[in-house]
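Down below is the structure, laid out as structure tokens.
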Amino acid sequence: MSTVVDSVVVGGGLLGSALAWMLARDGADVVLLERDQLNQHASGQNAGSLHFQLEYRMVEHGLEAARQAAEAMPLHLDAADHWARLGDELGESVGVVQNGGLMLAENAEQAAVLERKAELERSWGLDVTLLDGDEVRSIAPYLSESVVAAAFCPLEGKADTRRAGPALARGAKRLGASILTRTKVTAIERDGLLWRVETSSVDADGSSTARSFHAQTVMLAGGVWTSELGAMLDVHLSTIPLALTMSVIAKTPSFIPHLVQHAGTRLSLKQSSDGTVLVGGGWPARLATDADGRPDLSARPHLIQESVAGNALAAMRVVPRLASLPVLRTWVGTTTVTPDQLPLAGEVPGRPGVFVATGGSAFTLGPSFARILTDLAQGRSTAIEMAPYQPLRFGGLAHV
Ligand SMILES: Cc1cc2nc3c(=O)[nH]c(=O)nc-3n(C[C@H](O)[C@H](O)[C@H](O)COP(=O)(O)OP(=O)(O)OC[C@H]3O[C@@H](n4cnc5c(N)ncnc54)[C@H](O)[C@@H]3O)c2cc1C
């Protein structure tokens with residue numbers, strides 16, 4: 001026997017939970033299927049940066065690559081607006097603070113990158129101001145004398161990664177969505193005008209139960225497992241898995257109100273509401289591999305010591321006070337980017353009613369992705385031109 005619903009959401013990270021909430025808010029009958037626990041993977045492991053300026057990884061390969069990455073700016077502007085309203089709409093805080101973000105330069109070359117970057121971002125409508133070293137220290141006295149310039153974006157900030165996803169899932173539940181954890185989607189097939197989604201759930205006694213759902217729309221919110229879900233539909237959703245490193249520094253009275261990033265090295269840092277300082281910014285870990293040498297996305301990646309040290313050094317150089325505080329914990333997580341740095345987002349061509357969003361800063365972009373996919377699924381138009389993010393733009397429709 002199969003359960004018929006309006007929408008099946010695959011994945012219970014930030015995106016899946018936001019989708020379930022938004023679809024339920026529209027009155028849809030939704031079931032969210034999560035293989036593990038809600039918020040267990042990237043959405044609960046990430047740095048929580050709400051970054052709208054182009055990140056270091058987008059500017060490190062020159063202006064042309066930065067220009068391409070900037071095509072995601074309409075999504076970022078939309079996301080900035082969503083995060084600002086999210087707690088009020090949900091009726092529960094998701095720990096959003098938008099005190100502004102600084103991207104730092106420590107030499108003339110990096111300052112020149114900031115200038116080119118700011119010009120590009122302004123052409124897309126992002127509010128960015130360039131500051132010299134003294135100006136930046138006047139608003140951020142915790143920064144070192146080595147900082148010679150910064151780009152300030154007032155929209156940037158952070159959200160609480162431990163609260164945001166679960167709060168959205170609770171919101172979805174309050175509106176009647178069903179949420180099934182320890183329930184893995186094993187197949188997605190066309191069945192007449194609907195999609196049949198097959199699942200396998202792990203029960204309390206360790207046995208497994210198979211169940212199927214029929215739905216008009218299927219939302220793929222599988223993060224780093226997106227390509228695996230695409231394979232169930234015979235489409236190649238091209239994503240590149242990455243393992244990244246994060247550290248948290250011991251509690252100290254609040255002194256960093258901003259999100260801090262760097263134009264010349266991998267660095268993001270921010271102080272949480274509990275006083276700890278989160279340090280990340282894209283330092284790699286090593287993906288685990290299976291017996292055939294392929295990435296094993298379900299196994300914990302391996303920590304690279306040099307990444308932990310390099311990240312800490314970059315942080316201490318620009319915020320010298322951090323040198324006197326201990327690192328409490330370091331962890332690794334997996335996420336995904338795409339070959340052109342732009343997300344995959346929208347309806348999957350040739351698979352009517354199947355929608356996907358993933359790639360890059362998908363914590364920052366999660367609420368925006370969810371709104372756009374919900375609008376498209378409900379037959380509403382979206383103000384954002386979605387062609388640059390077309391999910392099969394790298395090729396990959398096996399057969400219709
Ligand atoms: C260390 C680190 C730092 C980061 N920092 C930032 C940052 O500061 N800002 C930012 O914007 N982004 C950041 N990111 C990226 C960001 O975390 C992710 O892009 C985002 O969380 C993805 O959310 P998601 O809901 O799409 O995926 P996920 O949170 O990965 O959730 C996907 C879910 O789908 C489930 N799933 C997969 N396959 C199946 C299946 N077959 N059946 C059922 N369920 C399935 C998984 O179990 C998982 O729970 C960072 C990532 C990492 C790893």
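The mean sequence distance of close C-alpha pairs (under 8 Å, at least 6 residues apart), as a share of the length of the chain, puts its relative contact order at 23 percent. Solvent-accessible area per residue in the range 186-248 equals 42 Å², computed with a 1.4 angstrom probe and all protein chains kept.
Among residues other than R174 with Cβ under 11 Å from its Cβ, the summed charge is +2 (Lys and Arg +1, Asp and Glu -1). Helix 73-90 and the long axis of the chain differ in direction by around 70°, with both axes built from C-alpha atoms.
Short-range pairs are left out: with C-alpha atoms under 8 Å and at least six residues apart, the relative contact order of the range 316-400 is 30 percent. Element breakdown for the range 154-199 at a 1.4 angstrom probe: carbon and sulfur atoms account for 51% of the accessible area.
Most mobile of G293, G44, G353 per a Gaussian network model of the chain (Cα springs, under 10 Å)? The residue that fluctuates most here is G293. The mean sequence distance of close C-alpha pairs (under 8 Å, at least 6 residues apart), as a share of the length of the range 148-218, puts its relative contact order at 19 percent. Straight-line cross-link partners of K251 among the aspartates and glutamates, defined as a Cα under 19 Å from its Cα and at least 8 positions apart when in the same chain: D160, D274.
Angle check, please: helix 14-25 long axis (alpha carbons) against the longest principal axis of the chain (alpha carbons), in degrees 0 to 90, nearest 10. Tilt relative to the chain: about 60 degrees. Other residues lying with their Cβ under 15 Å from the Cβ of R329 contribute a combined charge of +2, Lys and Arg counting +1, Asp and Glu -1. Let me know the shape class of the range 40-89, please: from the alpha-carbon gyration tensor, a ≥ b ≥ c as square roots of the eigenvalues, rounded when a/c is under 1.5, otherwise prolate if a/b is greater than b/c, or oblate. Oblate shape, in that a/c is at least 1.5 and b/c is the bigger or equal ratio.
Averaged over its residues, the range 18-86 has an accessible area of 33 Å² per residue, based on protein heavy atoms and a 1.4 Å probe.
Taking every alpha-carbon pair in the chain and binning the separations at 20 Å intervals from zero gives 28, 57, 14, 0 percent. Per atom type, the range 77-152 shows carbon and sulfur on 48% of its accessible surface, probed at 1.4 Å. Counted by Cβ distance under 12 Å from R122, the other residues give a net charge of -2, where Lys and Arg count +1 and Asp and Glu count -1. Within 10 Å, at most 12 other Cβ atoms, and a DSSP state outside H, G, I, E, B define an exposed site. Report the longest part of the chain free of exposed GluC sites (Glu not before Pro). Counting at most 12 other Cβ atoms within 10 Å as exposed, the longest clean stretch of the chain is 146-384. The angle between the Cα long axis of helix 108-123 and the longest principal axis of the Cα atoms of the chain comes to about 50 degrees, rounded to the nearest 10. Rolling a 1.4 Å probe across the protein heavy atoms gives the range 277-400 an accessible surface of 44 Å² per residue.
The values are calculated or read from the model by the stated rules, or taken from the named source; none is laboratory data. Because the structure is a prediction, the values reported are computed rather than measured. Cβ coordinates were reconstructed from backbone atoms using ideal geometry, including for glycine residues, and neighbour counts include every protein chain displayed. In case anyone asks, the SASA skips ligands and DNA or RNA and just uses the protein heavy atoms, side chains included. Shrake-Rupley method; radii C 1.70, N 1.55, O 1.52, S 1.80 Å.
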